[in-house]
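This is the structure, below, for whatever I ask next.
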Amino acid sequence: ETVRLDFTLNGEPRTIEVAPNAVLLDVLREQLGLGGTKKGCDHGQCGACTVHVDGLAMNSCLRLAIMCQGQQVTTIEGLAKDGQLHPVQQSFLECDAYQCGYCTPGQMMSATALLADDRIGADDASVKEAMSGNICRCGAYKNILEAIQQARV
Ligand code: FES
């Protein structure tokens, strides 16, 4: 049995049928073919699956798809607009802020959410704290921090 989910995905209104127990991460990757959102740990520990829900960064592996009823979901595929990279994407490129790249979509989704949140301080310590849920096994943290600070306008 499936339930109807009406939501907005990367700016487009969508209506889909999902299993009541389907997790947002799996719906994005397997049902909707959006493979940019990565599955790392699948239990809220790594941040690879980070998306925006109504503008807030969330682990999509911890969220049932049906909880997104009426909400705005943005994935890494929705970050670039009109053929232009988002400033965070541009600065990650310029600062070499990745090695294997697996954690990068989640890093970028957390970074864009934190830059849009004026409650989070601009100093390095505040940015590190806000990014602490995104793990990079290659240890590219120095360049990631540099990229986030460079993207700040
Ligand atoms: Fe969701 Fe690791 S896959 S936090």
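Rounded to the nearest 20 debye, what is the charge dipole size of region 3-78 about its Cα centre when +1 sits on each Lys and Arg Cβ and -1 on each Asp and Glu Cβ?
120
Which lysines have a Cα lying under 18 Å from the Cα of LYS142, excluding residues fewer than 8 positions away in the same chain?
Cross-link targets: LYS128.
By count of other Cβ within 10 Å, fewest leading, how are SER132, SER110, SER126 ordered?
With the sparsest Cβ surroundings first, the list reads SER132, SER126, SER110.
Mind sorting HIS86, HIS43, HIS52 by how few other Cβ atoms lie within 10 Å of their own Cβ, fewest first?
With the fewest neighbours first, HIS86, HIS43, HIS52 line up as HIS43, HIS86, HIS52.
About the Cα centre of region 1-127, what is the dipole size in debye to 20, counting +1 per Lys and Arg Cβ and -1 per Asp and Glu Cβ, all else neutral? Write down the numbers at each step before the final one.
Numbers: 8 positive and 16 negative charges, 48 e Å.
So the magnitude is around 220 debye.
Among the aspartates and glutamates, which have Cα under 19 Å from the Cα of LYS38 when same-chain residues fewer than 8 positions away are ignored?
ASP26, GLU30, GLU77
I want to check the label-to-label distance for GLU129 and LEU85. Put each point 7 Å from Cα in the C-beta direction and report it in nm to one decimal.
Reported label-point gap for GLU129 and LEU85 is 3.0 nm.
Read-outs: derived from the displayed coordinates by stated rules, not from any lab. What you are looking at is a predicted structure, and each value in this text was computed from that prediction instead of being measured. Ideal geometry is used to build each Cβ from the backbone, glycine not excepted, and the neighbour counts take in all protein chains shown.
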